[in-house]
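Inspection log for the structure reproduced underneath, given as structure tokens.
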Amino acid sequence: MLLRASPLLRASHRPFSSGVHMALAAHVLPNHQSFPSWRSSSHLPPVCQANGYDRISPKLTFSQFVRSFYVLSGTYNKVQRPCGRIFCGQREYRKVRRRVPKTKKKELELNVSICIEEKLPDDPELLSIAEMLRLNVPKALKLAFNNLKDSQYKTRDSSINDVGLFESVEMSVLLCNDEFICKLNKEWRDEDHATDVLSMSQHVPELKLPILMLGDIVISVETAARQAEERGHTLLDEIRILLVHGLLHLLGFDHEISEEAEVEMEKEEELLLKSLEWKGKGLIQSAIDAETNSNSVAEVSDDRKKEGSLRFYRPRFSYIFCDMDGTLLNSKSQITPTTVKALKEALSRGVKVVIATGKARPAVISILEKAGLAGKDGVVSEFSPGVFLQGLLVYGRQGKEIYRRNLDQDICREACLYSLEKNVPLIAFGEGRCLTLFDHPLTDALHTIYHEPKAEVMSSVDNLLAAAEIQKLLFLDTAEGVSRILRPYWSEASGEHASVVQAVPEMLEIVPCGTSKGSGVKLLLDHLGVSSEEVMAIGDGENDIEMLELASLGIAMSNGAEKTKAVANLIGPSNDEDGVAEVIYRYAF
């Protein structure tokens, strides 16, 4: 059973506190050649909890990442042959002969810890890889040590040559995320970026210690997952390659000092991988191949995380605020299976997806229910937060209403009279209902295509206004009719009592002044106690501008309005190209 490990405390030479979770020690088979036989340690006390895992918050300075750790191990004792006096007899005389006892073969104790940094997920594949490394690392160590005998490499630091001079060897392998290795890289190498593997040697030849403090190999699972996808490896294959690379650095190889050193280290990488029968090319050769390919084909790098690897990435945002029409829904007002899968992936990783739309809540629930995204564990329900009707209705914790804004009655009356006079269909949204003054194919389409509640035909303007408090009005016409006639007229007619908003070309909305989807999102964030730094927002229309500006990362769809794309941090694919799924995979993790 493999235990979880937090950052190692090596520099202090103190044992871990009780909150630290450790990995298993490993063993290798006896070596009957030039080096002493090997055995695993069993004298170190284990640290374990009932569930097999311990956790701590990694509030440790990274300069402490150096020594001493607990290990869980098995015991693999070799039965020794008896030695001492042996008596022999012959005819005619009796003599006692003392046989010189055989010298007991010295055993080299090998302590290897495989550790998992606590921010990585409890993923079955990751735990399986860690268990595999528990067996793989000692084999790689033994083979690498054997290769040091009669080594002819000119560039390798030869301070570690004869492993037989030591009583024991200690080394650790830590699997972590990009954030962790980035901090190590910054502190130890003054490079502010993540990398795939770091080797941190602890061997000091001048001390002449009986213990070979080989050091630590730190591998970022996030970067390894990306590289595995790019190179067509499994994650285990890629981690093994990084392990070999890191181990060779600890043994004195350094490909960065010269071309000759690079060739020598590359040769040793390939030899170890081949001898161990591990798949893939060495890290140096893989990097050379990648550079060659990028030079021959000029392509924009694709940093999109694939569905299968998202579990190894820590979410960058706590919340995703997403528009519906023109964003989450395609041009047929449908949500595609690809987008559904991306949203479910985000939810499973602890990201909260909140809808911010001009639609009423019943319409959103109806649409997402068919995609399996409504309900307690979905994106929307009657008990989840959300921003609806362009920010005029905001629901907070437990889905309770925290804000409502109604439209001025005079504007409502004037718009209804205009609808009757010009024969332009008008929908009034109030208290979860849709009200209209006459039947029209466009009002039917609002229900059948956009899933809004079916419009109730009211017998008069007075009856409509008395039926419910109105939050917003929606005129329906052709795109040309909206842009050429309706928008200019109502931009002026609404005056200081209302504002016009346009989410899609064929619709013009009239809403109360001073309210917007952005203000609704801000109100909800304050209610939830969430910082805008934790938010990623996705939209397409002009009514999404304030929301995108408010978020830490605002993304506009390529099918969006030009004004919206102008203020966005990034522009994603269109709503007909699974744009929401694409930006989630690329930027949310």
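Points to keep in mind about this one:
- Evaluated against (1) part of a loop (DSSP other than H, G, I, E, B); (2) surrounded by 22 or more Cβ atoms within 10 Å (Cβ to Cβ), residue 372 falls short on exactly one condition, (2).
- When 348, 381, 366 are screened for being touching a His at 6+ places or on another chain (Cβ under 6 Å) and in the same structural domain as residue 527 (by the TED database), only 366 passes.
- Residues located in the stretch 463-485, provided they are in contact with a helix residue (DSSP H, G or I) (Cβ under 9 Å, 6 or more places away or on another chain), in a helix (DSSP H, G or I) and not β-branched (Val, Ile, Thr): 464, 465
- Number of the exception - residue 416 against (1) in a helix (DSSP H, G or I); (2) open to solvent by 70 Å² or more (accessible area, probe 1.4 Å): (2)
- Restricting the stretch 435-462 to residues that are in contact (Cβ under 8 Å) with a residue 24 or more places away in the chain, closer than 28 Å to residue 327 by Cβ and assigned to a loop (DSSP other than H, G, I, E, B), the residue that is least open to solvent (accessible area, probe 1.4 Å): 452
- Evaluation of residue 519 against the conditions (1) among the small types (Gly, Ala, Ser); (2) open to solvent by less than 30 Å² (accessible area, probe 1.4 Å); (3) within 16 Å of residue 388 (Cβ to Cβ) shows that the sole unmet condition is (2).
- When 131, 107 are screened for being open to solvent by 10 Å² or more (accessible area, probe 1.4 Å), touching a strand residue (DSSP E or B) at 6+ places or on another chain (Cβ under 6 Å) and either farther than 30 Å from residue 261 by Cβ or assigned by the TED database to the domain that holds residue 215 (or both), only 107 passes.
- Residue in the stretch 556-572 that is touching a Pro at 6+ places or on another chain (Cβ under 9 Å) and free of Cβ contacts under 8 Å to residues at least 40 places away in the same chain present: yes
- The set of residues in the stretch 200-223 that are in a helix (DSSP H, G or I) and either hydroxyl-bearing (Ser, Thr, Tyr) or open to solvent by less than 70 Å² (accessible area, probe 1.4 Å) (or both) comprises 205, 221, 222, 223.
- Within the stretch 491-505, if we keep just the residues that are in contact (Cβ under 8 Å) with a residue 60 or more places away in the chain and not in a strand (DSSP E or B), the residue that is surrounded by the most Cβ atoms within 10 Å (Cβ to Cβ) turns out to be 503.
The rows are residues; the columns are (1) among the hydroxyl-bearing types (Ser, Thr, Tyr); (2) in contact with a Gly (Cβ under 6 Å, 6 or more places away or on another chain); (3) touching a residue at least 60 places away in the same chain (Cβ under 8 Å).
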position: 175; (1), (2), (3): no, no, yes
position: 184; (1), (2), (3): no, no, yes
position: 190; (1), (2), (3): no, no, no
position: 196; (1), (2), (3): no, no, yes
position: 201; (1), (2), (3): yes, yes, no
position: 205; (1), (2), (3): no, no, no
position: 210; (1), (2), (3): no, no, no
position: 220; (1), (2), (3): yes, no, no
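- Odd one out for residue 421, checked against (1) open to solvent by less than 70 Å² (accessible area, probe 1.4 Å); (2) acidic (Asp, Glu); (3) in a helix (DSSP H, G or I): (1)
- Any hit, the stretch 567-580, residues being on the phi > 0 side of the Ramachandran plot and either open to solvent by 10 Å² or more (accessible area, probe 1.4 Å) or modelled with pLDDT under 95 (or both): yes
- Residues of the stretch 340-365 that turn out to be of a type in the set (Ser, Thr, Tyr) and within 15 Å of residue 328 (Cα to Cα), as a count: 1
- Against the criterion of being open to solvent by less than 30 Å² (accessible area, probe 1.4 Å) and not assigned by the TED database to the domain that holds residue 470, residue 389 qualifies.
- Test: residue 136 is in the same structural domain as residue 236 (by the TED database) and open to solvent by less than 50 Å² (accessible area, probe 1.4 Å): yes
Yes/no per residue for (1) in a helix (DSSP H, G or I); (2) acidic (Asp, Glu); (3) within 20 Å of the chain's Cα centre (by Cα):
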| site | (1), (2), (3) |
| --- | --- |
| 339 | yes, no, yes |
| 346 | yes, no, yes |
| 355 | no, no, no |
| 358 | no, no, no |
| 362 | yes, no, no |
| 366 | yes, no, no |
| 382 | no, yes, no |
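- Residues located in the stretch 354-369, provided they are open to solvent by 60 Å² or more (accessible area, probe 1.4 Å) and farther than 23 Å from residue 426 by Cβ: 369
- Close pairs (9 angstrom Cβ cut-off, 6 or more residues apart or separate chains): in the same structural domain as residue 470 (by the TED database) in the stretch 408-427, exposed (fewer than 15 other Cβ atoms within 10 Å of the Cβ) and of a type in the set (D, E, K, R) anywhere: 413/462; 425/439
- Among the residues making up the stretch 259-287, a single one is modelled with pLDDT under 75, assigned to a loop (DSSP other than H, G, I, E, B) and either surrounded by fewer than 21 Cβ atoms within 10 Å (Cβ to Cβ) or outside the structural domain of residue 243 (by the TED database) (or both): 281.
- All positions within the stretch 224-234 that are surrounded by fewer than 20 Cβ atoms within 10 Å (Cβ to Cβ) and either part of a helix (DSSP H, G or I) or touching a strand residue (DSSP E or B) at 6+ places or on another chain (Cβ under 6 Å) (or both): 229, 230, 231
- None of 483, 552 is free of Cβ contacts under 8 Å to residues at least 40 places away in the same chain and open to solvent by 30 Å² or more (accessible area, probe 1.4 Å) except 483.
The values are calculated or read from the model by the stated rules, or taken from the named source; none is laboratory data. No experiment lies behind these values; they were computed from the predicted model shown. Using ideal geometry, Cβ is built from the backbone for each residue, glycine included, and neighbour counts are taken over all protein chains shown. What goes into the accessible areas is simple: the full protein's heavy atoms, side chains included, and nothing from ligands, DNA or RNA. Shrake-Rupley method; radii C 1.70, N 1.55, O 1.52, S 1.80 Å.
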